[in-house]
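The values are calculated or read from the model by the stated rules, or taken from the named source; none is laboratory data. Just so we're clear, the structure is a prediction, and the values are computed from it rather than from any experiment. Cβ placement follows ideal geometry from the backbone for every residue including glycine, while neighbour counts extend to all protein chains displayed. With ligands, DNA and RNA removed, areas are computed over all heavy atoms of the protein, side chains included. Shrake-Rupley method; radii C 1.70, N 1.55, O 1.52, S 1.80 Å.
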Amino acid sequence: MRFGDSSGHNRGPHSVRFEMADVHPTSPPVLADAQTSTHTRLIEVLDALVRRNRTEPWGVRELASEIGESRSTVNRILLSLVERELAVEVGTGKYQLGPRLCVLTHSLISSSSWLASSAEALSQLAETSNATALISIGCPRSQGYFVAACEQAKSSLMFRPEFGVIYPLSFGDLGRAFKKHGIEHRDIGDSESLSDRSPYMSEVEFPQPLSVSTTLLGNGLLIAVSVHSLHGADATPTEKLDREVKDFTDALARQVAAGLREPIARYTSRVPADQKSTTTRLERLLLLACSSADGLQKTSDLNDQLLCNMATAKRLIESGVYTEVLNLAEDMLFPGPKLYQWATRIGHCENIVCLARSTVQDLVQETGETIAILSYDATARRAEFVEVIQGWRPIQYQLAVRTEVPLYAGAAGKAVLAYCDAETVNSIDLVKLTDSTITSRSALLAELKSIHARGWATGSGERVPGAFGLAVPFFADGVIKGSISATIPQYRKDDRDLPGLTQRMLEASAKIGRLLSLGLIAPER
C-alpha cells in the first residue's frame, strides 16, 4: 500500500494530517433482489434491535414503520428470531435483542486478532501523546463511521466516546477524513435515515483529532487511527505524533495482511437437518463470519456450510454484502463493518448469568423450586454459584453466591465433576463436610460414572444438611461449563415428580448449551 504525503508543514493548532491508501472503498451496489430479500429484512430487524440494546424495546407496529415493512411480516420475523434466541419478547408484543447475538459477536472480537491485540499498542499511543487514541471503522452504506476501540492516557479529565454509534461523515474532522479520503458521498434514501446513527454528542464533546491515519485493510475494512486531546489550543500536532499514528496504522495493516496468508478454516455443522430455516441459515452465516475474521473462502462447498443449496447461498451472501454484514474481496468473505458495529455496540457479557437467566427464570416459575446456576472454570478447577433464583414455594433454601462450591459434594458440583478429566478428579481432597459427604474415592468414582451415563446428578445432605439436590450439567461446544441445580427440602422430595423435574431441567440445560455454543466443529490443523 502507498500512503500520502506526511510532511505536515504549515499546520494550525487543530489542522489534521491524513494518510490514506490509494484504494477507496465504495458503497456496495444496490442489488434489487438483495434489497428486498427475506434475509435483508431479517438483518434490518436485527440492526434495529441492536440500536436499542439495553434500552426501550420495540413494539411490532413501531418496528414495522421503522423499516418500512408490514406488521405481519415483522411479527413473523421477530417470532423466528425469538426461536433462535436472537431476540426475546419482554412483555406482550415488545421485543429486545436476544443473548445469542452477544455470543456470536464476542466470537468476532475474539477471532479478530488485529483488533483484540491492538489494545496494548493503542494504550501506549495514548500515553505517549497524553491524549485519547481511537480506532474507528467506516460504513460506506450508512455514510458514517463508528468507534471500535479506545484507550486513554491517565488523566483526571477523560474523553471516551460510546462504541458502535454511527456518526455521519459530516461529524467532525474524523468524519470528514473518511469522506474525503475513503467513502464516496451519495444521497441517503428514506430507508437509511439518521435514526441509525443518532443520538450522537455535540462536536464540542468530541475533540478534533490532532492526527489521523486512514487505510484500507486487506479484509476490506476502512479504518482510521486518530489521537484526540482535551487540552484545546495547548495541544499542538507534531510530526512525531504523525509518525507514531502512521506507524500504528501500518502495523495494523501488516497484521491483517499476515493473517490473510493463514490457511482458511473449514467447519462442519452441528445443526440438525430439521432446524434449517431461513433464520437458521442467517444465524449460520453470522456464525461463520464471526468465527472467521481472517476470511472465509467462497468455495463450491460453502453452501453446505450455510445449510442450503447454491442459489440460496448466493442470495444470502448478496444480502450480507448489501447490508455490510459481509465484505467480499475476490473469492474471500470477511466480516463487514456492520458486523463489527454490532459487536462493539453490544459489547460482551462475560457472565453466564446474563445469557442463561431467562431460561432459568422460566424453569423456576414452572417448578416453584429454587434453581442455582453454577459456573465452572476448568483452568482454576473452581466452581461457584453465580446466580440463585428463589422459587415461589413457602419453604426454600438460601444459597450463597460467589463462594466456592466443592465439586465432590452435592449434586451441583458432581454434575460437573463427572465430565472433568481424571487428573482433576484425582486432585481433589475428599474432606468430610457433613455425615453424608462422600469421602471414599472409589465410591465417588463409581457415582461419577453413573452420573456421566445418565446425564444428571443427585445429592442428599452431602454439603447442606437436610437438603436434597438435583443437578444437570451444561456445555459449550462439548466442553463442560457448569450446571443448574434445584435444592429441595428433604420433606418435600417424596411429594415431587422428580422424573418430571429432571426432564424439565434437562431441557433447560440443553437450551443453555445451545445458546452458549457456536455450533461449529473446528477442522484439524
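Restricted to the stretch 453-511, and to residues there that are among the basic types (Lys, Arg) and closer than 16 Å to residue 436 by Cβ, the residue that is most open to solvent (accessible area, probe 1.4 Å) is 463. Which of the residues belonging to the stretch 219-238 are over 13 Å from residue 126 (Cα atoms), open to solvent by 20 Å² or more (accessible area, probe 1.4 Å) and at pLDDT below 90? Within the stretch 219-238, 231, 232, 233, 234, 236, 238 meet the criteria.
Selection of helices (runs of 4 or more DSSP H) fully inside the stretch 298-384 by the criterion of at least 2 residues being of a type in the set (Val, Ile, Thr) and modelled with pLDDT under 85 returns 352-367.
Rundown of residues vs (1) among the charged types (D, E, K, R); (2) within 17 Å of residue 220 (Cβ to Cβ), yes/no style:
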position: 316; (1), (2): no, no
position: 324; (1), (2): yes, yes
position: 329; (1), (2): no, yes
position: 335; (1), (2): no, yes
position: 342; (1), (2): no, yes
position: 347; (1), (2): no, no
position: 355; (1), (2): no, no
position: 363; (1), (2): no, no
position: 366; (1), (2): yes, no
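Is one or more of the residues making up the stretch 394-407 in contact (Cβ under 8 Å) with a residue 40 or more places away in the chain, exposed (fewer than 15 other Cβ atoms within 10 Å of the Cβ) and not polar (S, T, N, Q)? Scanning the stretch 394-407, I find at least one residue that is in contact (Cβ under 8 Å) with a residue 40 or more places away in the chain, exposed (fewer than 15 other Cβ atoms within 10 Å of the Cβ) and not polar (S, T, N, Q), so the answer is yes. As a summary of the residue check, residue 312 satisfies the conditions (1) in contact with a Leu (Cβ under 9 Å, 6 or more places away or on another chain); (2) surrounded by fewer than 23 Cβ atoms within 10 Å (Cβ to Cβ); (3) under 19 Å from residue 476 (Cβ atoms); (4) not small (Gly, Ala, Ser) except for the one numbered (3).
Selection of the stretch 41-99 for residues being assigned to a strand (DSSP E or B) and either more than 20 Å from residue 339 (Cβ to Cβ) or of a type in the set (A, V, I, L, M, F, W, C) (or both) yields 58, 59, 87, 88, 89, 94, 95, 97.
Condition first: among the aliphatic types (A, V, I, L, M) and either open to solvent by less than 10 Å² (accessible area, probe 1.4 Å) or part of a strand (DSSP E or B) (or both). Now tell me which residues in the stretch 103-124 satisfy that. I'd like the intermediate steps shown before the answer.
Let us first name the residues in the stretch 103-124 that are among the aliphatic types (A, V, I, L, M), namely 103-104, 108-109, 115-116, 119, 121-122.
Hits for the stretch 103-124 are 104, 108, 122.
Do we have any residue at all in the stretch 201-209 that's crowded, with 20+ Cβ neighbours inside 10 Å, over 25 Å from residue 296 (Cβ atoms) and in contact with a Ser or Thr (Cβ under 8 Å, 6 or more places away or on another chain)? Yes, some residue in the stretch 201-209 is crowded, with 20+ Cβ neighbours inside 10 Å, over 25 Å from residue 296 (Cβ atoms) and in contact with a Ser or Thr (Cβ under 8 Å, 6 or more places away or on another chain).
Residue by residue, here is whether (1) modelled with pLDDT under 90; (2) polar (S, T, N, Q); (3) touching an Asp or Glu at 6+ places or on another chain (Cβ under 6 Å) holds:
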residue	(1), (2), (3)
29	yes, no, no
43	no, no, no
57	no, no, no
69	no, no, no
73	no, yes, no
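Among the residues of the stretch 271-286, is any at pLDDT 90 or above and among the acidic types (Asp, Glu)? Looking for residues that are at pLDDT 90 or above and among the acidic types (Asp, Glu), one finds at least one in the stretch 271-286, hence yes. Residues of the stretch 411-423 that are open to solvent by 10 Å² or more (accessible area, probe 1.4 Å), of a type outside the set (Asp, Glu) and out of contact with any Leu (no Cβ under 7 Å at 6 or more places or on another chain): 419, 420, 422. Checked against (1) more than 18 Å from residue 243 (Cβ to Cβ); (2) touching a residue at least 40 places away in the same chain (Cβ under 8 Å); (3) open to solvent by 10 Å² or more (accessible area, probe 1.4 Å), residue 152 meets all criteria but (2). Of the residues examined, residue 432 is one that is free of Cβ contacts under 8 Å to residues at least 12 places away in the same chain and open to solvent by 30 Å² or more (accessible area, probe 1.4 Å). Got at least one residue in the stretch 481-499 being within 21 Å of residue 365 (Cβ to Cβ), without any contact (Cβ under 8 Å) to a residue 12 or more places away in the chain and either in a helix (DSSP H, G or I) or within 26 Å of the chain's Cα centre (by Cα) (or both)? Yes, because at least one residue in the stretch 481-499 is within 21 Å of residue 365 (Cβ to Cβ), without any contact (Cβ under 8 Å) to a residue 12 or more places away in the chain and either in a helix (DSSP H, G or I) or within 26 Å of the chain's Cα centre (by Cα) (or both). Pairs meeting the criteria (first residue in the stretch 288-303 and on the phi > 0 side of the Ramachandran plot, second residue open to solvent by 10 Å² or more (accessible area, probe 1.4 Å) and part of a helix (DSSP H, G or I), beta carbons under 7 Å, at least 6 apart or on different chains) are 295/260. Got a sec? Which of 353, 388 is touching a strand residue (DSSP E or B) at 6+ places or on another chain (Cβ under 7 Å), aliphatic (A, V, I, L, M) and surrounded by fewer than 17 Cβ atoms within 10 Å (Cβ to Cβ)? Of the residues listed, the single one that is touching a strand residue (DSSP E or B) at 6+ places or on another chain (Cβ under 7 Å), aliphatic (A, V, I, L, M) and surrounded by fewer than 17 Cβ atoms within 10 Å (Cβ to Cβ) is 353.
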